[in-house]
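> Take a look at the following structure, please.
Values quoted throughout were computed directly from the atomic coordinates according to the rules given, and no laboratory measurement underlies them. Fair warning: this is a prediction, and the values are worked out from it, not measured in the lab. So basically every Cβ, Gly included, is an ideal-geometry build from the backbone, and we count neighbours across all protein chains shown.
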Amino acid sequence: MIARRYLVSGRVQGVGFRWFVYRNAQRLRLKGWARNLPDGRIEIVAAGAEPDLAALEQLLRTGPDRARIDSVTVTEQVDDVSEQAGFEIR
């Protein structure tokens, strides 16, 4: 299991983006969380198998219908989220 941190910028708050991530992360059986940041971005930390994280990243680059994605920054995550029970919205 590997973990990654995603920072998504654009019109991503107030458009159901965290719920979009939550539903897809549940479907992909990922662990982690998504939260709004004060600067208008969304932060996602997710742990799982490489193919599932790749699928999540593709979804983050498109987003829900009302979102506009300007950029997605991906970094390896060093915090252990693999012990978390599932995926949550913070």
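> Can you tell me the orientation of helix 17-27 relative to the chain, as the angle in degrees between its alpha-carbon axis and the longest Cα principal axis, to the nearest 10?
Between helix and principal axis, roughly 30 degrees.
> Roughly how many whole Å is it from the C-alpha centroid of the range 8-31 to that of the range 33-90?
Going from one Cα centre to the other spans 7 Å.
> Give me the mean projected area, in nm² to one decimal, of the convex hull enclosing the Cα positions of the range 9-90.
5.0
> Using a Gaussian network model on the chain with a 10 Å cutoff between Cα atoms, which of P38, P64, P51 fluctuates the most?
P38
> E50 label point, 7 Å along Cα→Cβ, cut-off 15 Å on backbone N: hits in the range 1-39?
1-4
> What angle, in degrees between 0 and 90 and rounded to the nearest 10, separates the Cα long axis of helix 50-62 from the longest principal axis of the Cα atoms of the chain?
Once rounded, one gets 10 degrees.
> Right, next: Out of the DSSP beta bridges found with both residues in the chain, what percent are antiparallel (nearest 5)?
If we restrict to bridges inside the chain, about 90 percent are antiparallel.
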